[in-house]
Amino acid sequence: MQRLSLLILAACLSLALTKSVSTTEKPCEDYCKIEGQNNQYECCDRNPGRCPTVKRPYCPQIHISVRSCRFDTHCEKHEKCCEEPCLTHKVCKPAIQGPRAG
């Protein structure tokens, strides 16, 4: 019985140690209300950079799989949640770094 107790204690300590390892991700600083949800919020921090400028003379008929998003936090750290003129929703796109060309 004592051996089983020690085994359970070891498993619990192992689980606690894996859960308590610090992460490099920063805590959320900005929260936005979720539409249609009463008093529900989600992280909407901004990733660095800006959305690429998209100018299309027409929308292609070929549809590729893109990840839809509402905020930058729904995308990878190197991406931004951007408007896409040919779609009805925002999508994740590689962020552009530096000043706007102008």
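The values are calculated or read from the model by the stated rules, or taken from the named source; none is laboratory data. This is a predicted model, so every value here is computed, not measured. Heads up, the Cβs are rebuilt from the backbone with ideal geometry, glycines too, and the neighbour counts pull from every protein chain shown.
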Requested in this report: Could you list, in sequence order, all residues of segment 65-102 that are among the small types (Gly, Ala, Ser) and surrounded by 10 or more Cβ atoms within 10 Å (Cβ to Cβ)?
Outcome: Ser68, Ala95
Query raised in the report: Based on what the data block shows, is Arg3 assigned to a loop (DSSP other than H, G, I, E, B) and either at pLDDT 90 or above or loosely packed, with under 11 Cβ neighbours inside 10 Å (or both)?
Result: no
**Report entry** Pair list, Cβ < 7 Å and 6+ apart or interchain, from segment 50-64 residues that are at negative phi and surrounded by 10 or more Cβ atoms within 10 Å (Cβ to Cβ) to residues that are assigned to a loop (DSSP other than H, G, I, E, B) and of a type in the set (A, V, I, L, M)
**Finding:** Arg50/Ala95
Query raised in the report: Restricting attention to segment 10-26, does a residue exist that is surrounded by 10 or more Cβ atoms within 10 Å (Cβ to Cβ), under 19 Å from the mean Cα position of the chain (by Cα), modelled with pLDDT of 60 or more and assigned to a loop (DSSP other than H, G, I, E, B)?
Result: no
Query raised in the report: Can you name the residue in segment 54-102 that is among the hydroxyl-bearing types (Ser, Thr, Tyr) and in a loop (DSSP other than H, G, I, E, B) and, of all such residues, is farthest from the chain's Cα centre (by Cα)?
Result: Tyr58
